[in-house]
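Chemist: For reference, the structure I am asking about is given below.
The values are calculated or read from the model by the stated rules, or taken from the named source; none is laboratory data. Values in this document were obtained by computation on a predicted structure and should not be read as measured data. Backbone-built Cβ (ideal geometry, glycine too); neighbour counts: all protein chains shown. The area values use the complete protein model at the heavy-atom level, side chains included, leaving out ligands, DNA and RNA. Shrake-Rupley method; radii C 1.70, N 1.55, O 1.52, S 1.80 Å.
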Amino acid sequence: MKPFTFKATTHSTAPASIGKPVGSAVMEAVIDEPGPVEVDTVGTDWEANLSGLLNLKHPKAVAAGLKERKEPIKIYTHVVRHPAHGFFLVDTGVSQRLVEDPTGVGVGFMLKKYGGIDKMNPRPSTAQVIEAQGVPLAGVFMTHLHLDHVSGFPDIPLDVPVYTGADEAEARLFLNAVAQGTNNHLLEGRPPLQELQFERDPDGKLAGVNDVFGDGSFFAILTPGHTIGHLSFLARTPDGAVLMTGDVSHTRWGWENDVEPGTFLAERDASRESLLALKALSKRHPKMDVRLGHQA
Ligand SMILES: [Zn+2]
């Protein structure tokens with residue numbers, strides 16, 4: 001255990017009841033074929049310091065003259081519909097209640113002050129996104145447990161299963177000193193976090209892949225770095241593959257220039273490796289629709 005570090009949450013965890021680890025080759029053999037899953041990406045406006053979103057010390061960022069500034073970005077929730085398994089979200093969007101009354105939903109003082117909640121704009125709110133589907137929410141897949149990804153939890157019914165990467169809850173960071181209490185409050189009364197399981201990729205192309213529904217339609221990809229258990233997701237839709245990178249890349253510029261995120265990450269080398277691994281995946285499958293962490 002690292003001293004002076006804190007878990008992302010002390011909420012209980014359990015191995016996920018769904019999903020099976022597969023090699024990247026198993027996924028890549030099918031992802032250029034149309035599939036049955038539909039994905040609608042819903043974004044709400046936010047802003048953050050560019051130095052957090054992008055490594056401004058990277059030679060390419062220096063050469064491009066990028067400087068610290070407030071960067072307009074989005075907070076996304078992805079609506080994922082599977083014909084047999086129902087309707088899921090990837091990340092949680094933003095709840096109106098969280099923005100109106102952060103203390104009331106359990107956001108700690110430090111996060112309230114520095115977490116940028118006053119700049120969050122829940123239009124549409126997560127409650128509206130869920131209601132528009134007209135059917136109950138079957139589950140939530142989390143890329144990771146940072147405030148701008150858990151910000152919709154006050155709108156999510158308490159009995160809905162929540163899936164994360166293995167060790168995401170246990171990831172120890174000093175930053176979690178401010179996040180742990182908030183995550184615990186937002187998860188209070190919910191079942192244990194279900195951790196999707198991964199095995200080493202025999203081809204070494206990705207850190208690990210999980211066939212979530214066991215039918216080759218929706219995959220979780222282990223992409224550590226931003227957080228230890230960070231996940232990206234890939235859905236096979238009638239129009240082709242959709243890759244949801246999560247915070248492997250927050251920005252369009254970072255994705256196009258192979259520059260990893262700035263200060264908002266746990267491990268820089270791992271974060272860069274995950275970015276390059278997803279870039280390589282997208283080059284092997286150029287028709288794939290890539291949806292980034294915080295920019296279109
Ligand atoms: Zn984020």
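Chemist: Place the peptides 119-126, 29-36 in order of packing, highest mean first, counting for every residue the other Cβ atoms within 10 Å and averaging per peptide. Please report the intermediate quantities before stating the final value.
Modeler: Values: 119-126: 19.1, 29-36: 15.0.
Put in order of decreasing packing, that is 119-126, 29-36.
Chemist: Mind running the shape call on the chain? Use the C-alpha gyration tensor, a ≥ b ≥ c as the square roots of the eigenvalues: rounded below 1.5 for a/c, prolate if a/b tops b/c, oblate otherwise.
Modeler: Working: a/c = 1.34, a/b = 1.07, b/c = 1.25.
Rounded shape, in that the Cα axes give a/c under 1.5.
Chemist: Give me the 1.4 Å probe accessible area per residue for the chain, excluding ligands and nucleic acids, in Å². List each step's numbers first, then the result.
Modeler: Numbers: 12690 Å² over 296 residues.
Ligands and nucleic acids excluded, the result is 43 Å² per residue.
Chemist: Please give the length that would be gained between ASP45 and ARG69 if that part of the chain were fully extended, namely 0.36 nm times their separation in residues minus their C-alpha to C-alpha distance (nm, one decimal). Working shown, then result.
Modeler: On the way: separation 24, 0.36 × 24 = 8.64 nm, distance 1.63 nm.
Length gained, ASP45 through ARG69: 7.0 nm.
Chemist: Another question about this same structure. If I take every Cα pair under 8 Å that is 6 or more residues apart in region 18-292, average their sequence separation and divide by the length, what percent do I get for the relative contact order? Could the numbers behind the result be given before it?
Modeler: Values: 617 pairs, mean separation 66.6, N = 275.
In percent, rounded to a whole number, it is 24.
Chemist: For region 173-296, rounded, prolate or oblate, judged on the Cα gyration tensor with a ≥ b ≥ c (square roots of eigenvalues), a/c < 1.5 rounded, else prolate if a/b > b/c? List each step's numbers first, then the result.
Modeler: Values: a/c = 1.69, a/b = 1.24, b/c = 1.37.
It is oblate, given that a/c is not under 1.5 and a/b is not larger than b/c.
Chemist: Cα centroids of region 185-221 and region 29-43: how far apart, whole angstrom?
Modeler: 17 Å
Chemist: Can you tell me how much longer the chain between ARG252 and ALA296 gets when fully stretched, taken as 0.36 nm per residue apart minus their C-alpha distance, in nm with one decimal?
Modeler: Here the segment from ARG252 to ALA296 would lengthen by 15.2 nm.
Chemist: Sort 270-277, 200-207, 58-65 by packing, meaning the average of other beta carbons within 10 Å per residue, with the highest value first.
Modeler: Values: 270-277: 20.6, 200-207: 15.6, 58-65: 12.9.
Averaged packing, sorted descending, gives the order 270-277, 200-207, 58-65.
Chemist: Residues with amide H under 5 Å of GLN197's amide H, sequence separation 5 or more or different chain, H placed in the peptide plane at 1.01 Å from N; which?
Modeler: Correct list: ALA16.
Chemist: If you don't mind, another one. How much of the accessible area of region 18-292, probe 1.4 Å, is carbon plus sulfur, in whole percent? The partial results should precede the final answer.
Modeler: Working: 6080 of 11330 Å².
Answer for region 18-292: carbon and sulfur cover 54 percent of the accessible area.
Chemist: OK, next. Would you work out the charge dipole size for region 18-292 about its Cα centre, treating the Cβ of every Lys and Arg as +1 and the Cβ of every Asp and Glu as -1, and quote it to the nearest 20 debye? List each step's numbers first, then the result.
Modeler: Numbers: 26 positive and 36 negative charges, 157 e Å.
The dipole of region 18-292 has a size of about 760 debye.
Chemist: Once you put a point 7 Å from the Cα of GLU38 and another 7 Å from the Cα of SER17, both along the Cβ direction, what distance in nm separates them?
Modeler: Result: 2.7 nm between the two label points.
Chemist: With unit charges on the beta carbon (Lys/Arg positive, Asp/Glu negative), name the residue among HIS78, GLY134, LEU54 whose Cα is farthest towards the positive pole of the charge dipole of the chain.
Modeler: Going by the Cα projections, it comes out as LEU54.
Chemist: About its Cα centre, how strong a charge dipole does region 1-145 have in debye, to the nearest 20, once Lys and Arg get +1 and Asp and Glu get -1 at the Cβ? Write out the running numbers ahead of the final one.
Modeler: Values: 15 positive and 14 negative charges, 152 e Å.
Its charge dipole is roughly 740 debye.
Chemist: Starting from the Cα-Cα distance between LEU276 and MET110, subtract it from 0.36 nm times their residue separation and give me the gain in nm to one decimal. Let's see the in-between values first.
Modeler: Working: separation 166, 0.36 × 166 = 59.76 nm, distance 3.34 nm.
Contour length minus Cα-Cα distance gives 56.4 nm.
Chemist: Could you tell me which of rounded, prolate or oblate describes region 43-167, using a ≥ b ≥ c as the square roots of the eigenvalues of the alpha-carbon gyration tensor, with rounded for a/c under 1.5 and, failing that, prolate when a/b is larger than b/c and oblate otherwise? Display every interim value, and only then the final one.
Modeler: Working: a/c = 2.16, a/b = 1.60, b/c = 1.35.
In terms of gyration-tensor shape, prolate.
Chemist: To continue, here is another question. Compute the label zone of ALA25 within region 207-250: residues whose backbone N is under 16 Å from the point 7 Å along Cα-to-Cβ.
Modeler: Of the residues in region 207-250, 207-209 have backbone N under 16 Å from the label point off ALA25.
Chemist: Each residue of region 150-166 in turn: what ³J(HN,Hα) in whole Hz from Karplus with 6.51, -1.76, 1.60 and θ = phi - 60°, glycine and Pro shown as x?
Modeler: 9, 5, x, 4, x, 9, 9, x, 5, 8, 6, x, 10, 10, 10, x, 4
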